[in-house]
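Inspection log for the structure reproduced underneath, given as structure tokens.
The values are calculated or read from the model by the stated rules, or taken from the named source; none is laboratory data. Bear in mind the structure is a predicted one, so any value in this text is a computation, not a measurement. Positions of Cβ are generated from backbone atoms using ideal geometry, with glycine treated the same way; all protein chains shown enter the neighbour counts. The protein model used for the area step is the full one, side chains on, heavy atoms only, and it has no ligands, DNA or RNA in it. Shrake-Rupley method; radii C 1.70, N 1.55, O 1.52, S 1.80 Å.
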Amino acid sequence: TIRSTFIVVCPGSTDAEFEELLDFLREAELDRVGAFTYSPVDGAKANELPNPVSEELKEDRLEQFMAVQAEISAAKLQRKIGRTMKVLVDEAGADGAVARSAADAPEIDGTVLIADGQKLRPGQFVDVIVESASDHDLHARLANPALQLI
């Protein structure tokens, strides 16, 4: 899993530079990406750069950036459909279990939702078969349904 975080829209950045960043993102197809807009920090040299970017433009570019990454993430997760993977259960309840793969940081990345995981326990590792995917989450069922009897 390859992850990175980007500062989108620094003072003085141009439309062409932003498009170059989007092109890089599309080409690199990183697994997990975070982004935030530039904001001044006490003592940072970047505060002295000319041509600050408006808050509206910062938010617009951040939205564009994250939309491109959502498309990449969705395509990469679609390729996991039909695969078996080991996941760590975070919680379980009447609607199933919420788990994460080795690629998923808690409270940051997507989750693996296990429809038939009602009786699983937090901290338990289980094998699941991925049945579908959204932009950031996988939907799965237990590879060994007998685990529900434990």
With a 10 Å cut-off between alpha carbons and a GNM built on the chain, which of I129, I72, I108 moves the most? I108
Per-residue HN-Hα couplings for the range 42-58 [Karplus 6.51, -1.76, 1.60; θ = phi - 60°; Hz; x = Gly/Pro]: 3, x, 6, 4, 4, 4, 8, 5, x, 6, x, 9, 5, 4, 4, 5, 4
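Taking Cα pairs under 8 Å and at least six residues apart, what relative contact order does the chain come out at, in percent? All intermediate terms of the calculation are to be shown ahead of the outcome.
Details: 278 pairs, mean separation 30.0, N = 150.
Answer for the chain is 20 percent.
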No solvent, one uniform scatterer per C-alpha: report log10 I(q)/I(0) for the chain via the Debye equation at q = 0.13 1/Å, two decimals. -0.68
Express in whole angstrom the spacing between the alpha-carbon centres of the range 60-109 and the range 1-19. 23 Å
How would you rank 17-25, 39-47, highest first, on the average number of other Cβ atoms within 10 Å across their residues? 17-25, 39-47
Cα-Cα pairs of the range 68-150 separated by more than 18 Å (percent): 34 percent
Residue of T111, T84, T14 that the Gaussian network model of the chain assigns the largest fluctuation, springs spanning Cα pairs under 10 Å: T14
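Using the heavy atoms of the protein chains alone and a 1.4 angstrom probe, what is the accessible area of the range 1-138 per residue in square angstrom?
Normalised by residue count, the accessible surface of the range 1-138 is 59 Å².
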Checking S134, S54, S73 against a Gaussian network model of the chain (alpha-carbon springs below 10 Å), the top fluctuating residue turns out to be S54
If I model a spin label at A67 and E91 as a point 7 Å from the Cα along the Cα→Cβ vector, what separation in nanometres do I get? 3.1 nm
Report the FRET efficiency, 1/(1 + (r/R0)^6), for E20 and L49, where r is their Cβ-Cβ distance and R0 is 25 Å, rounded to 0.05. 0.90
In degrees, nearest 10, range 0 to 90: what is the angle between the Cα axis of helix 15-28 and the longest Cα principal axis of the chain? 30 degrees
Determine the calculated [θ] at 222 nm for the chain from helices alone, applying -39500 (n - 2.57) to every DSSP H run no shorter than 4 residues and normalising by the residue count; nearest 500 deg cm²/dmol. -8500 deg cm²/dmol
